[in-house]
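Asker: Structure incoming, see below.
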Amino acid sequence: MQLKKKRNTSITAIVLVALAGTIIGVGVYGCKKEEPEKEDTLKSVSLGDRLYEQTKIAFVSKKDRKDGSSDIYIMNGNGTVKRRLTDNTALCMAISWSPDGRKTVYSTNVDGNFEIYTMNADGTSRTRLTNNPASDTDPAWSSDGKIAFCSNRDRHFEIYVMNADGSGLTRLTDNPASDENPSWSPDAKKIVFNSSRDGYNELNIYVMNPDGSEQKRLTHHPAWDMSPCWSPGGRKIAFSSGRDGNSEIYFMNVDGSGLENLTNNPAVDGDPSWSPDGKKIAFMSNRDGNWEIYVMNADGSKQRNLTTSLAVDTAPSWSPSLASEN
Ligand SMILES: [Ca+2]
Ligand SMILES: [Ca+2]
Ligand SMILES: [Ca+2]
Ligand SMILES: [Ca+2]
């Protein structure tokens, strides 16, 4: 379940609620006893995992909230040192990093409806980039400094792009279906996204140029394919799909060939995000009964959780480089 896609008219949300509604209900509203998270006591941080201590994973969690709102946190790429960056009673969703790892872009409804904001990686200097009564979500920061995002300001969910200061807004898609979840190729020459244009319940992965031209379909399965994430090496696209009966993570070549399955369990596994060296993939799963951030090797091996809270932990986004604290 992509909690970051929580908006009334989103196809993505509807599909996933249908898939996982019961489990999510328990995860979000369950009455398990509150227990403090065992911060920084992960016993399985191996020597290899320590390499990722200098990277960051941003994520969304409700662990400090009892009112249903959510905050943005960052932790080291091996799960140690979790810090909350936001502090308000709104919903936060969908994070992406600036190319230098010093800033994040995210979506929050703190001003009454979802808008795109940037802030420093320490939570300071929050700046609103959009100002529109529609839902503005799913921001993705390119290596050449553009921010793609998704909005229903023109009635249907479309993909837009703007400069990192909010100027130069351009619409890239234009059709009655939902076009969502943009992710840039590392050279900023392509944008991959998911679209419902082939059928209301059939999300497929598409790719296009950054000006919206040459929109090309990459997946052709009647089940939904969504949340694409371009690998840092530029050769693979990870995504989640329901093609094997429940949400699993897959990757494929950038032309749609070479599909490989990475997760295989009855729970919902989704929202893949590559490590900056392309060797690992962070994702979210409710396989242990509540939503946590997990990590695995890029071949699907060594899956383990990085969060241990009883609250909802979702929407991992790995920093593109060695992220600075400042
Ligand atoms: Ca808005
Ligand atoms: Ca559309
Ligand atoms: Ca699964
Ligand atoms: Ca959790």
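The values are calculated or read from the model by the stated rules, or taken from the named source; none is laboratory data. Nothing here was measured: the structure is a model prediction, and the numbers come from that model. A quick note on method: Cβ atoms are made from the backbone with ideal geometry, for glycine too, and the neighbour counts reach across all protein chains shown.
Asker: Out of all the residues in region 270-294, which are of a type outside the set (Ser, Thr, Tyr), over 18 Å from Thr308 (Cα atoms) and not in a strand (DSSP E or B)?
Answerer: Scanning region 270-294 gives Pro276, Asp277, Gly278, Lys279.
Asker: Do the conditions hold for Ile72, that is, is it more than 16 Å from ligand 4 (Cβ to nearest atom), part of a strand (DSSP E or B) and under 17 Å from the mean Cα position of the chain (by Cα)?
Answerer: No.
Asker: Same structure, new question: Within region 27-45, can one find any residue that is at pLDDT 50 or above and surrounded by 13 or more Cβ atoms within 10 Å (Cβ to Cβ)?
Answerer: In the first step, residues of region 27-45 are kept if they are at pLDDT 50 or above; the result is 44-45.
Next, only the ones that are surrounded by 13 or more Cβ atoms within 10 Å (Cβ to Cβ) stay: 45.
Yes, region 27-45 has at least one match.
Asker: Something else now. If you check Met252 against the conditions, is it modelled with pLDDT of 95 or more, of a type in the set (A, V, I, L, M), under 18 Å from Tyr206 (Cα atoms) and in contact with a Leu (Cβ under 8 Å, 6 or more places away or on another chain)? Even if it seems obvious, please write down each step before you answer.
Answerer: On the way: modelled with pLDDT of 95 or more: yes; of a type in the set (A, V, I, L, M): yes; under 18 Å from Tyr206 (Cα atoms): yes; in contact with a Leu (Cβ under 8 Å, 6 or more places away or on another chain): yes.
In short, yes.
Asker: So, one more: Being touching a Phe, Trp or Tyr at 6+ places or on another chain (Cβ under 9 Å) and acidic (Asp, Glu) is the filter here, so list the residues in region 247-291 that pass it.
Answerer: Glu260, Asp269, Asp271, Asp277
Asker: Where residues in region 154-164 are in a strand (DSSP E or B) and within 20 Å of the chain's Cα centre (by Cα), which of them is farthest from ligand 3 (Cβ to nearest atom)?
Answerer: Met162
Asker: Moving on to the next point. Name the residues in region 108-153 that are surrounded by fewer than 20 Cβ atoms within 10 Å (Cβ to Cβ), away from ligand 1 (no atom under 16 Å from the Cβ) and assigned to a loop (DSSP other than H, G, I, E, B), would you?
Answerer: Our first condition is that a residue be surrounded by fewer than 20 Cβ atoms within 10 Å (Cβ to Cβ); within region 108-153, this holds for 109-113, 119-120, 122-128, 131-134, 143-146, 153.
Imposing the further condition that a residue be away from ligand 1 (no atom under 16 Å from the Cβ) reduces the set to 119-120, 122-125, 143-146.
The answer is Asp122, Gly123, Thr124, Ser125, Ser143, Asp144, Gly145.
Asker: Does Ala267 satisfy being under 16 Å from the mean Cα position of the chain (by Cα) and either part of a strand (DSSP E or B) or more than 16 Å from ligand 1 (Cβ to nearest atom) (or both)?
Answerer: No: the conditions fail for Ala267.
Asker: Among the residues of region 176-208, which ones are modelled with pLDDT of 95 or more, in a loop (DSSP other than H, G, I, E, B) and among the polar types (S, T, N, Q)?
Answerer: Ser178, Ser185, Ser196
Asker: Which of the residues belonging to region 209-235 are in contact (Cβ under 8 Å) with a residue 40 or more places away in the chain and not in a loop (DSSP other than H, G, I, E, B)? Spell out the reasoning first.
Answerer: So in region 209-235, the residues in contact (Cβ under 8 Å) with a residue 40 or more places away in the chain come out as 210-212, 215, 224, 226-234.
If the condition is that a residue be in contact (Cβ under 8 Å) with a residue 40 or more places away in the chain and not in a loop (DSSP other than H, G, I, E, B), then Met226, Ser227, Pro228, Cys229, Trp230 are the ones that fit.
Asker: Among the residues of region 93-147, write down those that are of a type in the set (S, T, N, Q) and in contact (Cβ under 8 Å) with a residue 40 or more places away in the chain.
Answerer: Ser96, Ser98, Thr104, Ser107, Thr118, Asn120, Ser135, Thr137, Ser142, Ser143 - these are the residues of region 93-147 that are of a type in the set (S, T, N, Q) and in contact (Cβ under 8 Å) with a residue 40 or more places away in the chain.
Asker: Taking Leu91, is it of a type outside the set (Gly, Ala, Ser), at pLDDT below 95 and under 17 Å from the mean Cα position of the chain (by Cα)?
Answerer: Yes, satisfied.
Asker: Tell me which residues, restricted to region 253-264, are under 20 Å from Val192 (Cα atoms), assigned to a loop (DSSP other than H, G, I, E, B) and either aromatic (Phe, Trp, Tyr) or under 20 Å from the mean Cα position of the chain (by Cα) (or both). Reasoning before the result, please.
Answerer: Step one: list which residues in region 253-264 are under 20 Å from Val192 (Cα atoms), which gives 253-262.
From what's left, assigned to a loop (DSSP other than H, G, I, E, B): 254-259, 262.
Passing the criteria: Val254, Leu262.
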